[in-house]
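Data first, discussion second: the structure below is written as structure tokens.
Derivation of every value follows stated rules applied to the coordinates shown; laboratory data play no part. This structure is a prediction, so every number in the text was calculated from the model and none was measured. With ideal geometry, Cβ positions are generated from the backbone for all residues, glycine too; neighbour counts draw on all protein chains shown.
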């Protein structure tokens, strides 16, 4: 088996953790810095990098109407869209990166977490700013799982580093390990379920 490794990043997880840590949507430079930290790990001494895979859905587009005041929001003109699109575009052009895009669905609006917390403490009438766009990603976990299986079955790498906090990936971990591939998990210091750690060879 090749003495190579691949890094697979769950984009939704990585951007969420880095945004909370840095108080702003992460740049490609910040994402690449996390990858360099992994590459420099003593657990990967003697291994060569095959590729870094970044999995995420593209930012949502379309115009949605606020259910309270009827105001319109063009998702393609928001700061979220601009920042997200810039990140994917720059990572796609970065050396050794491959961006795998899932799908995104816009389902209108939903109560934001801050509003729900406030309403639970002190019921009041909802206002337009209580609502946030209801955006769902589709197919990202599936693409990560398929690539884990592909890398393992084709003997392309001997180590796969997964940067994620999603325990839904555990079946893919088990499959790869049965094929002789070592699984390293990096959860960026974020709380994760025990299963994710239990089915990894090393937690970075």
Margin query: Could you sort the peptides 52-60, 96-104 by per-residue average Cβ neighbour count (10 Å cutoff), highest mean leading?
Written below: 52-60, 96-104
Checklist line | Using alpha-carbon coordinates, inclination of helix 79-92 to the longest axis of the chain, degrees | finding: 20
Next item on the list: Would you compute, from DSSP H runs of 4+ residues alone, the mean residue ellipticity of the chain at 222 nm, taking -39500 (n - 2.57) per run and dividing by the full residue count, rounded to the nearest 500?
Entry: -11000 deg cm²/dmol
Notebook entry, point to check: Which of the peptides 82-89, 115-122 is most tightly packed, and how do the rest follow, going by the mean number of other Cβ atoms within 10 Å of each residue?
Noted result: 82-89, 115-122
Next item on the list: On a 0 to 90° scale, report how tilted helix 11-22 is relative to the longest principal axis of the chain, with both axes built from alpha carbons and the result rounded to the nearest 10.
Entry: 70
Check: Can you pull the Kirkwood radius for the stretch 25-90, inverse mean 1/r over Cα pairs, to one decimal in Å?
Finding: 14.8
Check: Which log10 I(q)/I(0) values, to two decimals, does the stretch 132-178 give at q = 0.23 Å⁻¹ under the Debye formula with one point per Cα?
Finding: -0.83
Next item on the list: Pull out the extension gain between residue 66 and residue 122, defined as 0.36 nm times the separation in residues minus the alpha carbon to alpha carbon distance; nm, one decimal.
Entry: 17.9 nm
Checklist line | Degrees separating the helix 28-39 axis from the principal Cα axis of the chain, which is the longest one | finding: 30
Check: Scaled to the compact-protein estimate 2.2 N^0.38 Å, what is the alpha-carbon radius of gyration of the stretch 1-157, rounded to two decimal places?
Finding: 1.27
Next item on the list: Mind jotting down the distance between the C-alpha centroids of the stretch 1-35 and the stretch 85-144, whole Å?
Entry: 17
